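Notes for the one structure printed next.
Each value in this text was obtained by applying a stated rule to the coordinates, not by laboratory testing. Because the structure is a prediction, the values reported are computed rather than measured. With ideal geometry, Cβ positions are generated from the backbone for all residues, glycine too; neighbour counts draw on all protein chains shown.
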Ligand SMILES: *Cc1c(COP(=O)(O)O)cnc(C)c1O
């Protein structure tokens with residue numbers, strides 16, 4: 001059985017060590033537990049260990065956990081592809097969306113965000129390695145897309161997210177994340193008040209932290225392999 005408490009403890013210590021190694025301020029990196037494929041009971045265990053941010057990829061699966069857990073302590077992040085017909089429930093249920101890459105979806109999320117909730121925090125997903133048939137905005141389209149997203153009053157544009165091509169080489173991992181960091185810096189220099197770089201998973205979070213990640217999305221290293 002996976003020891004979620006032990007995994008979380010190890011991961012937090014590694015994050016602290018990497019913040020120091022790469023001259024990041026203490027507490028600069030927020031840990032998001034990517035819980036797709038794992039149960040409400042496993043999420044509940046992580047919650048007991050003080051984990052508050054959880055990310056889900058599929059709306060139907062997410063609801064089977066969000067509804068029974070019914071926890072005001074959890075901050076839910078949507079990190080998967082968004083189908084148009086799911087946007088209402090996403091706007092009603094999540095605090096964050098990391099995977100925004102279409103204006104049509106931005107408009108729907110904006111229009112459907114309930115008045116009773118704060119603005120929806122969003123990150124633009126960038127196809128950082130310019131891979132064909134992969135979700136995310138092309139780096140050269142990012143400026144225009146960010147300007148469009150900013151028009152929506154119920155969306156709070158917080159930053160950028162990417163899922164680079166899987167790769168074992170630390171320096172190549174850094175190079176991909178560095179490109180996202182550069183796009184992020186460019187947007188900030190255009191006076192966009194961004195504060196979030198969502199990048200890094202179980203296999204490449206050290207490289208992501210080295211390159212300025214403020215949110216790392218970690219599943220396997222917390223919950224073990226997905227069933
Ligand atoms: C599954 C997933 C993760 C976590 O990946 P692990 O390798 O399990 O850490 C992070 N981000 C996204 C978008 C994911 O779909």
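Values for this structure:
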read-out	value
Rg/Rg_ref, the range 90-141, where Rg_ref = 2.2 N^0.38 Å and atoms are Cα	1.26
Among beta bridges that DSSP assigns inside the range 21-131, antiparallel share in %, nearest 5	0
Against the rule of thumb 2.2 N^0.38 Å, how large the Cα Rg of the range 46-105 comes out	1.13
Protection proxy ranking, peptides 104-111, 205-212, 182-189, average beta carbon neighbours within 10 Å, highest first	205-212, 104-111, 182-189
Volume in Å³ per residue [convex hull over Cα atoms, computed for the chain]	126
Sorted by Cβ neighbour density within 10 Å, fewest at the top, the residues 94, 170	170, 94
Residues of the range 23-49 with amide N under 17 Å of the 7 Å Cα→Cβ point at residue 5	41-49
Rg/Rg_globular for the range 145-227, with Rg_globular taken as 2.2 N^0.38 Å and Rg from C-alpha atoms	1.20
Inverse of mean 1/r across different Cα pairs in the range 37-162, Kirkwood, Å	15.1
DSSP bridge pairs, the chain: antiparallel proportion in percent, nearest 5	0
Choice from 191, 130, 204 showing the highest fluctuation, given a GNM over the chain with Cα pairs closer than 10 Å	191
The range 144-193 - Rg over Rh from alpha carbon coordinates, Kirkwood radius	1.08
Gaussian network model of the chain, Cα within-10 Å springs - most flexible of 73, 61, 19	73
Over the chain: helical MRE at 222 nm, DSSP H runs n ≥ 4 each giving -39500 (n - 2.57), nearest 500	-12500 deg cm²/dmol
